[in-house]
Structure formats: structure tokens, C-alpha cells
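A quick write-up on the structure given underneath.
The values are calculated or read from the model by the stated rules, or taken from the named source; none is laboratory data. Bear in mind that the values here come from a model prediction, so they are computed numbers and not experimental data. In this analysis, Cβ positions are derived from the backbone assuming ideal geometry, glycine residues included, and neighbour counts consider all displayed protein chains. We work out accessible area using only protein heavy atoms, side chains counted, and drop any ligands, DNA or RNA first. Shrake-Rupley method; radii C 1.70, N 1.55, O 1.52, S 1.80 Å.
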Amino acid sequence: MESEQSKLCNELRPFRVETNVIEEMACKIFPPMGSNEIFDINSIYREHETNLALADNVVALTLLSDASHATKNYLAGLQERIDSLPMDPKNAKERRMIKSASRYFSAAILARDFYAWSVVVALVAVRQSLLPQEVIEEGCSRNDIVRASERSRMALSTFDSYLAVNLDRSLKALQQYLNGKAVKHVMLHVNEPQEYK
């Protein structure tokens, strides 16, 4: 199992995204309201266009929500296990608790990277829906982006649901997700600069 986890970590490495990159992407799509720029009529139109794009892109919105809930669940699970760990295990049950908690802790890097990547896929989907059709590059169609968002939602749901009770099933879902074509298409085009409307 540990070798499978390390193999998955290596396969997930190209998908690793730092949180500051996610924040920059989000700020380009959703300009911060508390910034120093003046809120004028153009800002209202831009916000309206963004709201329309979000309304049309339910998969991306749901993926963002799912990633948020999955992250909260994992952090709550970590805290729960930390709080319940016995300092000095006295019997087999307490030793099993420690072993179970250590397996859950060992998935932290995978969970962080996968949840962050899911947010990136959702942001790419929103970004693509804001672009005029003629700007979309060849090789990564809107259908690829939507398919990647849908696959991300399914894999995220399975990964999160089984993470606490069946780590092997979570890892299998992540492995299948990483083998998907649509997700690889998105990965190839994530760092390409795009102009927004």
C-alpha cells in the first residue's frame, strides 16, 4: 500500500499547484472587491458577465463547492484523529487506532494536491466560459474542460467518501482519475496565458 501511495504521489506531481497560483487564477477571474481600484460601470458589467458565466457553468461551481467541503472534511478528520490518539497505547485497540490514524495522516499530501488540482480544474472551466469561442485553443475544447470538471467531481466524491474508511478505494479512484484523457488535456493548457473579455 505504501508503494502504491508513493507511486500515486509521483504521478500526481505534474498536477501539483501551489495555493498562491490558485489565488492568482481566482483573482484574475474574480477581481477582489476590496482592492484599491475604483468600482465603476465597467466593474458592474464585468461582474455581471462573471455571474452569467458562473450560472451557465454549474459543474464548475459544484466542483468548487465539493472541493471546499472535502477539504473541510479532511481537516476535521485530521483534528479528530489527533485529539483521539492515545499518548501511551496500552492495548491492541489503541495500537490499531494509532495505525489507522497514521494511514489517514499519510494521505495528507495526496489529499492536498488532489483537492488543489480540483479547484484549478473548476477555475479553468470558469475561465474558458468567460472567453469568446474563437479564443479557445485547439486541443482543449470546452467539452474537454466540462468532461474534466465532471470527472474531477466524481473522483473527488469517491476519494473523499472512502478516505476515512477505505484508503485503498480512495487511492484507486485517484489512480483512475489521473489516467483520464480530459484531465491530461486540462493539465497541458493550465499554464497557458489567456485574455479575458
* To do: Report, by residue number, each residue of segment 54-106 that is farther than 23 Å from Phe159 by Cβ, within 25 Å of the chain's Cα centre (by Cα) and of a type outside the set (A, V, I, L, M, F, W, C).
  => Asp56
* Take segment 161-176 and flag every residue that is closer than 14 Å to Tyr74 by Cβ and in contact with a Leu (Cβ under 8 Å, 6 or more places away or on another chain). => Ser170, Leu174
* Asked: Out of (1) open to solvent by 60 Å² or more (accessible area, probe 1.4 Å); (2) modelled with pLDDT under 85, what's the single condition that is false for Arg112?
  -> (2)
* Using the structure shown, decide if Asn191 is modelled with pLDDT of 75 or more and either of a type outside the set (Lys, Arg) or crowded, with 16+ Cβ neighbours inside 10 Å (or both). => no
